1. Which residue pairs have Cβ atoms under 8 Å apart, sit 6 or more places apart or on different chains, and have a first residue in segment 23-36 that is touching a residue at least 24 places away in the same chain (Cβ under 8 Å) and under 18 Å from Val219 (Cβ atoms) and a second that is part of a helix (DSSP H, G or I) and among the polar types (S, T, N, Q)?
2. Please work out if Thr96 is outside any helix (DSSP H, G or I) and of a type in the set (Ser, Thr, Tyr).
3. Of all residues in segment 20-54 being under 19 Å from Leu177 (Cα atoms) and open to solvent by 60 Å² or more (accessible area, probe 1.4 Å), which is nearest to the chain's Cα centre (by Cα)?
4. Pull up segment 152-165, narrow it to residues that are out of contact with any Lys or Arg (no Cβ under 7 Å at 6 or more places or on another chain) and open to solvent by 10 Å² or more (accessible area, probe 1.4 Å), then point me to the one that is nearest to Gly16 (Cα to Cα).
5. Would you mention how many residues in segment 104-127 are open to solvent by less than 50 Å² (accessible area, probe 1.4 Å), touching a residue at least 24 places away in the same chain (Cβ under 8 Å) and part of a helix (DSSP H, G or I)?
6. Among the residues that make up segment 200-222, is at least one of them open to solvent by 80 Å² or more (accessible area, probe 1.4 Å), more than 23 Å from Ala19 (Cβ to Cβ) and more than 19 Å from the chain's Cα centre (by Cα)?
7. Output yes when any residue across segment 74-87 is under 22 Å from Phe131 (Cβ atoms), modelled with pLDDT of 70 or more and part of a helix (DSSP H, G or I), and no when none is.
8. Among the listed residues Thr130, Thr191, Thr171, Thr179, identify the single one that is farther than 23 Å from Gly211 by Cα, open to solvent by less than 70 Å² (accessible area, probe 1.4 Å), in contact (Cβ under 8 Å) with a residue 60 or more places away in the chain and within 18 Å of the chain's Cα centre (by Cα).
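The values are calculated or read from the model by the stated rules, or taken from the named source; none is laboratory data. All values derive from a computational prediction rather than experimental measurement. Neighbour counts run over all protein chains shown; Cβ positions are idealised from the backbone, glycine included. To get the accessible areas, we keep the full protein, side chains included, count just its heavy atoms, and leave off ligands, DNA and RNA. Shrake-Rupley method; radii C 1.70, N 1.55, O 1.52, S 1.80 Å.
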Amino acid sequence: MPLGRIVEAKQGSKRGRVADLFIPETRNTTFLLWFIWFATAFSYYGLVLMTTELFEYSDGCHGGDLSPAMDKASANCYLNCRLLNRKDYMDLLWTTLAEGPGLVLTFLIIDRIGRKKTMALEFALFSFFTFLLFICTSRNWLTAFIFVARAFVSGAFQAVYVYTPEVYPTTLRAIGLGTCSGFARAGAIITPFVAQVLLRKSVNSTVAIYGSICLLASVACMLLPIETKGRKLKDHH
């Protein structure tokens with residue numbers, strides 16, 4: 001084999017730092033994405049946890065069935081553990097299956113209307129169907145509302161994963177995605193205190209929080225300064 005020699009690779013630019021996320025070119029994008037990622041994980045995992053809690057809620061209005069023979073004191077005693085029955089598990093399975101249609105919908109529209117509009121639309125529709133949980137309704141309608149809401153929030157989660165690596169240049173891509181993921185984890189840590197603790201005191205307050213935060217996330221998506229649809233990936237910041 002011919003002789004060769006090792007040549008030191010020369011980088012065209014310095015490696016990205018966390019501080020580079022706050023340069024004028026990326027500052028607004030970074031702050032908006034941090035909030036969007038926080039809201040996405042907060043709402044996604046919150047809805048998952050809230051579903052079981054609502055099915056256990058025995059007020060005859062928000063998912064649990066109030067038996068005619070059950071007195072008022074027993075109806076309000078929802079803090080005690082209750083075993084889920086076959087219908088509960090079937091309804092939970094239906095809400096879980098909602099993620100499939102959500103991903104398909106995102107796949108179909110993300111290259112048609114763009115990343116920003118896809119995220120904004122799905123967050124807004126999630127909020128709409130979450131706000132429908134204010135209505136005193138039957139278990140079937142409750143399951144349907146949660147099914148659609150979960151489809152949209154899972155689709156939004158995937159759209160966020162597409163947009164974030166595209167908007168940052170190569171030198172900042174890993175740092176940008178990593179910090180966004182950190183804010184998502186923070187949202188996932190906080191959400192049980194709303195979906196499980198607050199819900200036991202007020203269902204309406206819980207629903208209002210999840211619906212409102214994703215409504216704000218929808219606005220944040222439209223405020224993002226860059227649409228990455230058809231945009232060439234940048235190498236340097």
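1. Pairs found: Thr30/Thr179; Leu33/Thr164; Trp34/Thr179.
2. Numbers: outside any helix (DSSP H, G or I): no; of a type in the set (Ser, Thr, Tyr): yes.
No: the conditions fail for Thr96.
3. My answer is Phe35.
4. The residue in question is Tyr161.
5. Residues of segment 104-127 open to solvent by less than 50 Å² (accessible area, probe 1.4 Å): 106, 109-110, 114-116, 118-120, 122-124, 126-127.
Subsequent filtering for residues that are touching a residue at least 24 places away in the same chain (Cβ under 8 Å) retains 106, 110, 114-116, 118-120, 122-124, 126-127.
Checking the rest, the ones that are also part of a helix (DSSP H, G or I) come to 106, 115-116, 118-120, 122-124, 126-127.
Going through segment 104-127 one residue at a time, the tally reaches 11.
6. For segment 200-222, residues open to solvent by 80 Å² or more (accessible area, probe 1.4 Å), more than 23 Å from Ala19 (Cβ to Cβ) and more than 19 Å from the chain's Cα centre (by Cα): present.
7. No, the conditions are met nowhere in segment 74-87.
8. Numbers: Thr130 fails: farther than 23 Å from Gly211 by Cα; Thr191 fails: farther than 23 Å from Gly211 by Cα; Thr171 fails: within 18 Å of the chain's Cα centre (by Cα).
Answer to the check: Thr179.
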